[in-house]
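Shown next, in structure tokens, is the structure this report addresses.
What follows draws every value from the coordinates through simple rules; no lab data is involved. None of these values were measured; they are calculated from a predicted model. Backbone-built Cβ (ideal geometry, glycine too); neighbour counts: all protein chains shown.
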Amino acid sequence: MQQSFGKFKESKAYNFLLKISPIIMILFIIFIEHAPVYFSYFSFIRPQISLIVVFFWSVYFPESLGIFSVFLLGLLSDLLFNSVLGLSAFLFLLMYVLLSEYKNFLTNRSFSFVYVIFSFVMFCASLIKYLIMTIENNSLPPLMQEVVSYAMIMCFYPFFVYFLGKFNMYLIGRSINVDK
Amino acid sequence: MVMKSSDANNFFMKIKNLIKRSMLAFLFIFAFCLMLIGKADNVIIEKSRAFVADILVPVFKIISIPAETLTEISSNIKDIANLRKENSRLRRENELLKELQVYAAKINNEKSQLATLLNFVPTPNASYVSAEVLADSSNSYAQSVIAMAGSDNKIKKGQIVVNGDGLVGRVAFVGDKTSRIILITDLSSRVPISVEPSGVKGILLGNNTPYPQIINLLGDVKVNVGDKVVTSSKAGVYPSGIPVGVVTSINDNEIKIRTFTNMSKLDMVRIVDYGLTGILPEQKCIVEKD
């Protein structure tokens with residue numbers, strides 16, 4: 001069993017899986033976002049966690065995503081949430097393009113520096129969402145809930161970065177071994 | 001020759017960049033077009049949403065397992081802790097229900113006698129389908145859930161959704177295996193209501209908060225905190241008398257209620273076909289024409 005897994009780890013299929021793992025992760029998070037949570041009031045403040053994962057991979061491994069996959073993931077998110085179709089696709093794509101463009105500027109920076117950039121990016125994303133939803137509904141959505149949702153995303157970010165960072169290190173180590 | 005090769009490389013790089021930028025521009029424009037299409041023609045979008053939800057049924061089933069298990073464990077612990085109390089409460093309730101059963105039978109008998117006297121045409125009996133809530137798509141901008149029942153189970157757009165506590169919402173669109181339910185707390189939700197005991201009619205306006213608002217109250221009747229809110233049959237969309245919530249605050253003509261149903265804890269719902277006409281069948285006709 002261990003031997004066959006060891007062989008699989010050396011196979012091309014495993015390397016391919018690793019390469020597309022950021023896409024799978026975002027997909028998984030989009031599904032998780034729709035899991036019933038059964039906490040009172042949670043459904044009114046549910047944060048869009050997939051934005052954290054898109055941010056992380058856009059900064060640290062943008063080559064694995066690509067504009068089409070990012071767009072399609074956003075579209076899927078829009079189709080599942082009953083929100084404006086194209087909104088998450090637009091946000092995911094915008095984040096991906098801007099962050100992958102400044103990849104060299106953001107990588108190898110301290111956590112606090114990236115956290116500040118993340119808070120700014122999330123603020124802009126929330127603002128765009130809020131404005132588009134206002135236009136869509138012809139009325140102002142509740143601002144307080146969006147603020148709470150934003151605060152939750154800010155709280156979740158360090159936890160996600162911890163695990164995603166570990167995985168990213170594994171990917172880097174793996175690519176070094178493959179290169180050798 | 002080397003120069004020519006690098007020139008060719010540069011040329012191909014430029015072409016590649018140009019294609020990438022054009023694709024990017026196309027995707028951004030496409031995203032905007034989708035937003036506009038969603039505003040203009042909801043039918044295509046609804047069908048796409050229903051199609052995606054139908055495909056993802058197995059995924060939703062898997063992702064709902066951890067949450068369901070946790071809820072079951074916590075409710076089991078609560079149940080065990082409250083067993084004695086619950087038992088005595090149920091005994092009392094049982095006695096009360098026995099009394100009420102006799103009373104209800106008597107009223108039913110009287111009602112049928114009066115109906116015969118008045119040549120009253122009775123309303124058709126409602127049929128219903130109980131469905132599990134597969135996914136919760138609610139957030140601060142939209143309030144909806146996906147239920148595990150669709151057109152295969154004869155669910156139709158516009159049918160009313162209730163649970164043990166009261167009104168939940170209405171079926172917004174239907175796939176083969178799933179249907180999306182727009183909750184009464186959603187920003188787009190409008191429910192004709194009646195405030196009891198005064199019987200004053202109004203509209204319950206969803207605002208994406210747990211406290212929907214009552215607007216357009218007809219008449220100059222005073223509404224008090226604690227008044228019960230039920231559906232009204234005005235407009236023929238809802239039957240009258242489904243419990244909705246209770247008035248919790250009245251500030252400067254802004255009346256807010258707390259819904260009886262906890263929208264964050266929906267696990268099972270009942271989709272009811274009251275055979276009502278109302279506003280929705282007209283929309284359905286448009287869909288069919290398309």
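Here are the numbers for this structure:
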{"read-out": "Entries of B:K201/B:K256; B:K39/B:K256; A:K129/B:K177; A:K103/B:K16; B:K98/B:K234; B:K157/B:K265 with Cα pairs more than 25 Å apart", "value": "B:K39/B:K256; A:K129/B:K177; B:K98/B:K234"}
{"read-out": "Fraction of antiparallel bridges per DSSP, the protein assembly as shown only, in percent to nearest 5", "value": "100"}
{"read-out": "Förster radius 45 Å - calculated FRET efficiency between A:K103 and B:Q213, Cβ distance, rounded to 0.05", "value": "0.45"}
{"read-out": "Relative contact order of chain A, defined on C-alpha pairs under 8 angstrom at six or more residues apart (%)", "value": "22"}
{"read-out": "Length-normalised contact order of segment B:109-262 in % [C-alpha pairs under 8 Å, at least 6 apart]", "value": "16"}
{"read-out": "Partner chain coverage, peptide A:87-93 - average Cβ within 10 angstrom", "value": "4"}
{"read-out": "Zero-based 10 Å bins, Cα pair distances in the protein assembly as shown, whole percents", "value": "4, 16, 25, 24, 15, 9, 5, 2, 1, 0, 0"}
{"read-out": "Peptide A:42-51, shielding by other chains (average Cβ, 10 Å cutoff)", "value": "5"}
{"read-out": "Relative contact order for chain B, counting Cα pairs under 8 Å that sit 6 or more residues apart, in percent", "value": "15"}
{"read-out": "Protection proxy ranking of B:46-58, B:130-142, B:212-224 - average other beta-carbon atoms within 10 Å, highest first", "value": "B:130-142, B:46-58, B:212-224"}
{"read-out": "Listed peptides B:106-117, A:95-106, A:36-47 by packing density, highest first (mean Cβ within 10 Å)", "value": "A:36-47, A:95-106, B:106-117"}
{"read-out": "Electrostatic dipole magnitude of the protein assembly as shown [Cβ: Lys, Arg +1; Asp, Glu -1; Cα centre; debye, to 20]", "value": "900"}
{"read-out": "Residue-averaged beta-carbon neighbours from other chains (10 angstrom radius) around B:131-139", "value": "6"}
{"read-out": "Order by protection proxy (mean Cβ within 10 Å, highest first), peptides B:189-199, A:152-162", "value": "B:189-199, A:152-162"}
